[in-house]
Amino acid sequence: GEDVEQSLFLSVREGDSSVINCTYTDSSSTYLYWYKQEPGAGLQLLTYIFSNMDMKQDQRLTVLLNKKDKHLSLRIADTQTGDSAIYFCAESIDRDDKIIFGKGTRLHILP
Amino acid sequence: EPEVTQTPSHQVTQMGQEVILRCVPISNHLYFYWYRQILGQKVEFLVSFYNNEISEKSEIFDDQFSVERPDGSNFTLKIRSTKLEDSAMYFCASSENRAKGRVNTEAFFGQGTRLTVV
């Protein structure tokens with residue numbers, strides 16, 4: 001069945017780059033997402049990538065997709081204290097389809 | 001910026017009671033969803049709703065659950081007889097229909113309702 005796996009915790013020093021990794025099982029996934037959840041808030045879509053892309057860059061965010069290995073990563077350059085949140089990797093077959101989420105990676109920023 | 005709003009933000013209910021979680025999706029959206037997140041676990045899909053009917057539901061969405069769009073703005077999730085294991089954060093989401101020749105926009109999520117069953 002569909003499954004999305006990611007590590008649960010990541011600690012990074014302020015100013016360093018954060019890399020959050022994710023693997024998924026469904027090869028028919030067309031859309032791969034990164035959502036951010038700050039404490040007490042909802043799920044905010046950070047970025048997404050189509051399965052026919054290898055990379056997408058948006059300001060400090062870089063998404064890399066290795067479709068062969070079903071591996072997705074999110075790199076946050078120059079990590080700030082405001083980046084402290086839970087980051088969810090997710091996938092769907094179509095944009096109107098249900099979204100399958102990972103458990104989320106809690107990013108902790110060290111001073 | 002338009003947003004999905006959910007009420008209440010936190011609801012405590014006794015086991016066996018009925019509970020209704022309310023959502024106001026973004027006004028021009030046509031697809032509506034409910035997800036839930038049990039503490040420490042994944043965000044799980046419950047149900048999607050389009051054109052006044054359920055388009056897909058997960059195995060979690062059993063006969064205890066129902067959804068309704070009672071008017072033009074609200075989208076509700078009802079749990080008929082709550083169980084302890086229904087305690088979770090419930091997220092509502094909405095998305096715009098895929099118009100001809102245009103890729104659909106993302107699903108927008110509300111801030112969630114934390115349901116605690118005691």
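We did not get these values from a lab; they are worked out from the coordinates using the rules stated. These figures come from a predicted structure and were not determined experimentally. Glycine gets a Cβ as well: all are built from the backbone with ideal geometry, and neighbour counts include every protein chain shown.
Of all residues in region A:98-111, those satisfying the criterion of being outside any strand (DSSP E or B) and either touching a Leu at 6+ places or on another chain (Cβ under 7 Å) or within 14 Å of chain B (Cβ to nearest Cβ) (or both) are A:Lys98, A:Ile99, A:Gly102, A:Lys103, A:Gly104.
Taking into account only those residues within region B:25-63 that are in a loop (DSSP other than H, G, I, E, B) and in contact with a Ser or Thr (Cβ under 6 Å, 6 or more places away or on another chain), which is surrounded by the most Cβ atoms within 10 Å (Cβ to Cβ)? Among them, the one singled out is B:Pro25. Find the residue count for region A:36-53, including only residues that are of a type in the set (A, V, I, L, M, F, W, C) and assigned to a loop (DSSP other than H, G, I, E, B). Summing the residues that are of a type in the set (A, V, I, L, M, F, W, C) and assigned to a loop (DSSP other than H, G, I, E, B) in region A:36-53 gives 3.
For A:Thr47, indicate whether it is under 18 Å from B:Ala107 (Cα atoms) and β-branched (Val, Ile, Thr). So A:Thr47 passes the test. Listed by position, the strands (runs of 3 or more DSSP E) inside region A:55-97 whose residues that are surrounded by fewer than 19 Cβ atoms within 10 Å (Cβ to Cβ), more than 14 Å from every other protein chain (Cβ to nearest Cβ) and touching an Asp or Glu at 6+ places or on another chain (Cβ under 9 Å) number at least 2 are A:61-66.
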